[in-house]
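Visitor: I'd like to ask some things about the structure below.
The values are calculated or read from the model by the stated rules, or taken from the named source; none is laboratory data. Computed from a predicted structure; not experimentally measured. Using ideal geometry, Cβ is built from the backbone for each residue, glycine included, and neighbour counts are taken over all protein chains shown. All accessible areas refer to the heavy atoms of the entire protein, side chains included, with ligands and DNA or RNA removed. Shrake-Rupley method; radii C 1.70, N 1.55, O 1.52, S 1.80 Å.
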Amino acid sequence: MRGSKSRVVALAAFGGCFLAFWAPASAQGPADPAQRAAQVGPEVASTGPGGESPADSGAATDLEAQSPDPASPAGFASDLDRTAAAVRLAWRAEADGLAERARRARRVALQYGMWNFDPAARALIGPELKGAGLEQAQAAVVLSPDLPAARMALAREIWLEGDSPIVAVRTAFGALLAIPRHFESSVWFSATTLYICTLALIAGGLLTLAIFGVLAFFHAAHDIGDLISSAMPAFARAALLGAVMLAPLALQQGLLGLALTLFSVGLIYGAIRQRLVLCVAAIAVLVGMFPMARLVGVLLTAYVEPPIEAAIFATDGFALPGDMSLLESAAETDPMAAMALAVAARRSGDLSDAEARYQRLLQQDPAHYTAANNAANVNVELDRLESAIDLYRRSVEMRDSATVRFNLSQAQGQAFKLDDVGPSLAAAQRLDSERVAELTLLQGSDLAMFTIDFPLPRRMLWDRVLAAGFAGSGEPFAAELRSAIAPGVLGHNEQVSVGAFALIAILSLMGASRVKRSQWCNRCGRRMCPRCEPDLGDEADCESCNRLFKHPETTDREMRVARVNALRFRELRLARVRLIGSILLPGVAGALSRCPWASFIGSLSAAVAILVVVWRNGVSPDPLVAGAVASMAFGLIAVLAVFCYVASVAVSLAARSRS
């Protein structure tokens, strides 16, 4: 005789091992662009908090000493030297303080399309300068406003000042909101988050299949034994079914093969809602193992995809000669490569080449507002103000932007079209008053032309990353990930895995209508088998409990009282076991309370919480973009997952108490 206690013990032994057993493959991190970016930042770090020059502060590190020789085989492209020299000149000029130096460097960086001058910001908040002060953190945010690490460093310094804790909290949340605006950090965070979600789908789905499969195991063992001999002992029946279910492991199909047999047993012995949840759990496992695993592989290796890597380094000013050659060979058919080369030409000072490249981009894509704005800036430098004004207006027609309208006002002022300057600035302020205020502050009293280039569009980069995923470039990583749980043909072939689960689902549902399934008595836990007791019918209680509770007049009073007391004591004992199992074992609460959706959500939430704690600092090294915001972001995810887990357990226990 098997009861609820035996089911809970079996779940503890079988289901609880899944998350512990699951040992995912090690993740490969993206190439660290900060290694190349280190060529620019050190001089900024060597400037004292008061804004004194490196020579005055006695710093030994100088940007000039760090810049490589472009003539050497390993040197960088010439645009690095020109851009770095311009920023260095702005930084080293006499200033009243660090804030003014940062604003001047920010202005020059914007003119070259570097909206986030990460190397300098990283240098200001680097580990060797930890606790350097509020002024340096503020300067880092000015230089790279979208760098989450810089904003988080500023939040820390504001908090340590102690005067504005609310401002510190708002700044910290601002660091979270900056993540999608910074391509490198968005890729890193997306890779880690999707990696955790992928493993959670796999682990949560497998755990759900295991829970419901184990709950039905004893019934399935009894029923399959009846097919051979009704006299077969219980241990032999369990051994027979166990051998059948473990056969996929012997055939080198791993946990995914075992999940197939658990899926089948759960479908045969489950109610309609349980079957639906089992199908969703199986889909979650397959989605995690194949498409999501491939996407994670693409994100984790995004910076080593040759076209993407070369385009990013070219537009950031740190391209190697090999990167430029790769972009040149792809520019005819690849808009991203063509755009990267145009930006690089502009920064290297080859304005005629830059203008020609931007014009080709506009011919290929007349709606390319970024190319139109940047081409207009090139025309301003070439003193073709009328052409520049036409291109600015063309860019605005494609996509209205406060930055483009600010550039337009600059060109109109330079062309002495003073009546048009005011309306252009007013339109820019209506679109984004904060952006216009920042640009006006950066320009200050300097009457020189100040126009802002757009960087390589993030959407263009993301499109390439996703296209690489659909092209299967993340498959090597996905295959390594799957090898831990599906080393055989199920893990190697997506179509075979999907087909196997679909076939098992169809056969199990067809067989469920033909199997006379045994079940537990709701009151005493005794097995009720329609083959062993042909007169059983559809009763939920065994014959003894049915007579005891529905026809008490046919029983002896003293024996009835003793029996009822024994059943109550049994129920109290099992209730304690169920409570402990429901809290400690993910998904068990919903399964025991006949709330399959709560079971699946609980399994999934527990997997997310555990995985976030394991990879709270990311699955790959932080490329100096996240800083403390990584712990904050993943901590919030963990809190949300724990809340969902607690809610699923509470709903399950409430449903159990009502029943």
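Visitor: Got a sec? Which of ARG435, ARG459 is within 30 Å of LEU299 (Cα to Cα), under 39 Å from the mean Cα position of the chain (by Cα) and free of Cβ contacts under 8 Å to residues at least 40 places away in the same chain?
Guide: Numbers: ARG435 fails: within 30 Å of LEU299 (Cα to Cα).
That would be ARG459, the only listed residue that is within 30 Å of LEU299 (Cα to Cα), under 39 Å from the mean Cα position of the chain (by Cα) and free of Cβ contacts under 8 Å to residues at least 40 places away in the same chain.
Visitor: For ARG482, work out the one condition from (1) in contact (Cβ under 8 Å) with a residue 24 or more places away in the chain; (2) open to solvent by 70 Å² or more (accessible area, probe 1.4 Å) it doesn't fulfil.
Guide: (2)
Visitor: Give ILE228, ILE211, ILE224 a once-over and let me know the one that is among the hydrophobic types (A, V, I, L, M, F, W, C) and farther than 23 Å from ALA505 by Cα. Steps first, please.
Guide: Numbers: ILE211 fails: farther than 23 Å from ALA505 by Cα; ILE224 fails: farther than 23 Å from ALA505 by Cα.
Residue meeting the stated conditions: ILE228.
Visitor: If we keep just the residues of the stretch 414-430 that are crowded, with 17+ Cβ neighbours inside 10 Å and of a type outside the set (S, T, N, Q), which is farthest from VAL142 (Cα to Cα)?
Guide: Among those that are crowded, with 17+ Cβ neighbours inside 10 Å and of a type outside the set (S, T, N, Q), it is VAL421.
Visitor: For the stretch 433-456, give me each residue that is open to solvent by 60 Å² or more (accessible area, probe 1.4 Å) and on the phi > 0 side of the Ramachandran plot.
Guide: Result: no residue meets the conditions.
Visitor: Which members of the stretch 543-569 meet the condition of being in contact (Cβ under 8 Å) with a residue 24 or more places away in the chain and open to solvent by 40 Å² or more (accessible area, probe 1.4 Å)?
Guide: Matches in the stretch 543-569: PHE549 only.
Visitor: Related question: Filter the stretch 621-649 down to the residues that are aliphatic (A, V, I, L, M), more than 12 Å from ILE601 (Cα to Cα) and part of a helix (DSSP H, G or I) and list them by number.
Guide: Of all residues in the stretch 621-649, those aliphatic (A, V, I, L, M) come to 624-626, 628-630, 632-633, 636-642, 646-647, 649.
Narrowing the set further to residues that are more than 12 Å from ILE601 (Cα to Cα) leaves 624-626, 628-630, 632-633, 636-640.
Hits for the stretch 621-649 are VAL629, ALA630, MET632, ALA633, LEU636, ILE637, ALA638, VAL639, LEU640.
Visitor: Just for helices (runs of 4 or more DSSP H) wholly inside the stretch 89-164: which have at least 1 residues that are open to solvent by 10 Å² or more (accessible area, probe 1.4 Å), within 23 Å of ASN407 (Cα to Cα) and hydroxyl-bearing (Ser, Thr, Tyr)?
Guide: Those helices (runs of 4 or more DSSP H) do not exist here; none qualify.
Visitor: I've got another one for you. Which residues, taken from the stretch 485-503, are within 30 Å of PRO307 (Cβ to Cβ), open to solvent by 60 Å² or more (accessible area, probe 1.4 Å) and either β-branched (Val, Ile, Thr) or free of Cβ contacts under 8 Å to residues at least 12 places away in the same chain (or both)? Write out each step before concluding.
Guide: Within the stretch 485-503, the first condition is being within 30 Å of PRO307 (Cβ to Cβ), and the residues that meet it are 491-495.
Next, only the ones that are open to solvent by 60 Å² or more (accessible area, probe 1.4 Å) stay: 492, 495.
The answer is GLN495, and nothing else.
Visitor: Taking the condition of being among the polar types (S, T, N, Q) and buried (at least 24 other Cβ atoms within 10 Å of the Cβ), how many residues in the stretch 165-197 meet it?
Guide: Number of matching residues: 2.
Visitor: Inside the stretch 93-111, can you point out the residues that are touching a helix residue (DSSP H, G or I) at 6+ places or on another chain (Cβ under 8 Å) and over 22 Å from MET449 (Cβ atoms)?
Guide: Hits for the stretch 93-111 are GLY97, LEU98, ALA99.
Visitor: Restrict the check to the stretch 588-606 and report whether at least one residue is modelled with pLDDT of 85 or more, open to solvent by 20 Å² or more (accessible area, probe 1.4 Å), within 28 Å of LEU653 (Cβ to Cβ) and not in a helix (DSSP H, G or I).
Guide: Within the stretch 588-606, one or more residues are modelled with pLDDT of 85 or more, open to solvent by 20 Å² or more (accessible area, probe 1.4 Å), within 28 Å of LEU653 (Cβ to Cβ) and not in a helix (DSSP H, G or I).
Visitor: Still on this structure, I have one more. Testing PRO233 on (1) touching a Lys or Arg at 6+ places or on another chain (Cβ under 7 Å); (2) farther than 30 Å from ALA500 by Cβ, one condition comes back false. Which one is that?
Guide: Every condition holds for PRO233 apart from (1).
Visitor: What single numbered condition from (1) more than 26 Å from TYR195 (Cβ to Cβ); (2) open to solvent by 90 Å² or more (accessible area, probe 1.4 Å); (3) touching a residue at least 60 places away in the same chain (Cβ under 8 Å); (4) in a helix (DSSP H, G or I) fails to hold for GLY581?
Guide: (2)
Visitor: For the stretch 391-408, what are the residues that are under 34 Å from the mean Cα position of the chain (by Cα) and either without any contact (Cβ under 8 Å) to a residue 12 or more places away in the chain or closer than 18 Å to ARG360 by Cα (or both)?
Guide: Within the stretch 391-408, SER395, MET398 qualify.
Visitor: Here is a follow-up. Of these, ILE202, ILE211, which one is open to solvent by less than 20 Å² (accessible area, probe 1.4 Å), touching a Phe, Trp or Tyr at 6+ places or on another chain (Cβ under 9 Å) and either more than 30 Å from ARG514 (Cβ to Cβ) or not in a helix (DSSP H, G or I) (or both)?
Guide: Being open to solvent by less than 20 Å² (accessible area, probe 1.4 Å), touching a Phe, Trp or Tyr at 6+ places or on another chain (Cβ under 9 Å) and either more than 30 Å from ARG514 (Cβ to Cβ) or not in a helix (DSSP H, G or I) (or both) holds for just one of ILE202, ILE211, which is ILE202.
Visitor: Oh, and also: Do you know which residues across the stretch 469-514 are within 18 Å of LEU260 (Cβ to Cβ) and either touching a Pro at 6+ places or on another chain (Cβ under 6 Å) or part of a loop (DSSP other than H, G, I, E, B) (or both)?
Guide: SER483, ALA484, ILE485, ALA486, PRO487, GLY488, ASN493
Visitor: Does any residue of the stretch 297-309 turn out to be modelled with pLDDT of 80 or more and in contact with a Leu (Cβ under 6 Å, 6 or more places away or on another chain)?
Guide: The answer is no, given that none of the residues of the stretch 297-309 is modelled with pLDDT of 80 or more and in contact with a Leu (Cβ under 6 Å, 6 or more places away or on another chain).
Visitor: Do we find a residue being modelled with pLDDT under 90 and either charged (D, E, K, R) or out of contact with any Gly (no Cβ under 9 Å at 6 or more places or on another chain) (or both) anywhere in the stretch 336-343?
Guide: Looking through the stretch 336-343, none of the residues is modelled with pLDDT under 90 and either charged (D, E, K, R) or out of contact with any Gly (no Cβ under 9 Å at 6 or more places or on another chain) (or both).
Visitor: Quick one: count up the residues across the stretch 527-559 that are modelled with pLDDT under 75 and part of a loop (DSSP other than H, G, I, E, B).
Guide: Within the stretch 527-559, residues that are modelled with pLDDT under 75 and part of a loop (DSSP other than H, G, I, E, B) number 12.
Visitor: Looking only at the stretch 361-390, count every residue that is charged (D, E, K, R) and touching a residue at least 24 places away in the same chain (Cβ under 8 Å) and tell me the total.
Guide: Number satisfying all stated conditions: 3.
Visitor: Taking LEU572, is it farther than 23 Å from VAL639 by Cα, open to solvent by less than 80 Å² (accessible area, probe 1.4 Å) and either modelled with pLDDT of 90 or more or in a helix (DSSP H, G or I) (or both)?
Guide: Considered against the rule, which asks whether it is farther than 23 Å from VAL639 by Cα, open to solvent by less than 80 Å² (accessible area, probe 1.4 Å) and either modelled with pLDDT of 90 or more or in a helix (DSSP H, G or I) (or both), LEU572 comes out as no.
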